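Scroll down for the structure; my scribbles are underneath it.
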Amino acid sequence: QVQLVESGGGSVQAGGSLRVSCAASGRPFSTYSVGWFRQAPGKDREFVAAISLSGRNTYYADSVKGRFTISRDNAKNTVYLQMGSLRPEDTAVYYCAARSDYVSSYLDDYDYWGQGTQVTVSS
């Protein structure tokens with residue numbers, strides 16, 4: 001099993017940047033692919049980005065492509081989501097999730113979830 005803890009959320013003005021982190025404990029993090037998802041008030045949780053076990057392959061939702069970058073440091077058991085050119089519509093609770101299989105953009109494919117971190121973008 002793996003335990004996930006997100007951090008780095010906060011408030012930022014539109015156009016600004018923020019980096020959120022997902023720290024893992026338990027089994028070696030390099031055995032998990034990781035995804036970031038977000039959930040805005042009153043909306044379903046949606047896919048944001050995902051990264052393969054090695055970090056060589058990354059995937060993004062169209063809404064964040066070119067603005068967000070996912071990366072990982074397996075030596076530090078941490079996955080990052082660098083968010084730039086933030087918009088008010090990026091406001092949500094951001095969750096990281098892990099699965100011991102190929103990377104996926106479907107939230108039902110993920111077995112382990114963090115508690116989430118709030119990101120608020122003001123106009």
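Of note:
- Residue among A61, A50 that is more than 18 Å from Q118 (Cα to Cα) and in contact with an Asp or Glu (Cβ under 8 Å, 6 or more places away or on another chain): A61
- Residues that are part of a strand (DSSP E or B) and among the small types (G, A, S) were ranked within the range 68-93; the one that is nearest to L4 (Cα to Cα) is S71.
- V119 vs. criteria part of a loop (DSSP other than H, G, I, E, B) and touching a strand residue (DSSP E or B) at 6+ places or on another chain (Cβ under 7 Å): no
- Single condition S122 does not satisfy, out of (1) hydroxyl-bearing (S, T, Y); (2) farther than 13 Å from V48 by Cα; (3) under 12 Å from the mean Cα position of the chain (by Cα): (3)
- In the range 57-80, of all residues being among the β-branched types (V, I, T) and open to solvent by less than 50 Å² (accessible area, probe 1.4 Å), the one that is farthest from R27 (Cα to Cα) corresponds to V64.
- Residue list for the range 7-47, restricted to those being within 15 Å of Q118 (Cα to Cα), aliphatic (A, V, I, L, M), part of a strand (DSSP E or B) and open to solvent by 20 Å² or more (accessible area, probe 1.4 Å): V12, L18
- Conditions (1) modelled with pLDDT of 95 or more; (2) under 14 Å from E6 (Cα atoms); (3) over 14 Å from the mean Cα position of the chain (by Cα): number failed by T117: (3)
- Taken over the range 25-55, the residue count meeting the criterion of being over 14 Å from A92 (Cα atoms) and either in contact with a Cys (Cβ under 8 Å, 6 or more places away or on another chain) or of a type in the set (S, T, N, Q) (or both) is 8.
The values are calculated or read from the model by the stated rules, or taken from the named source; none is laboratory data. Owing to the predicted nature of the structure, the values given are computational and were not obtained by experimental measurement. So basically every Cβ, Gly included, is an ideal-geometry build from the backbone, and we count neighbours across all protein chains shown. These accessible areas exclude ligands, DNA and RNA; they are computed on the full protein's heavy atoms, side chains included. Shrake-Rupley method; radii C 1.70, N 1.55, O 1.52, S 1.80 Å.
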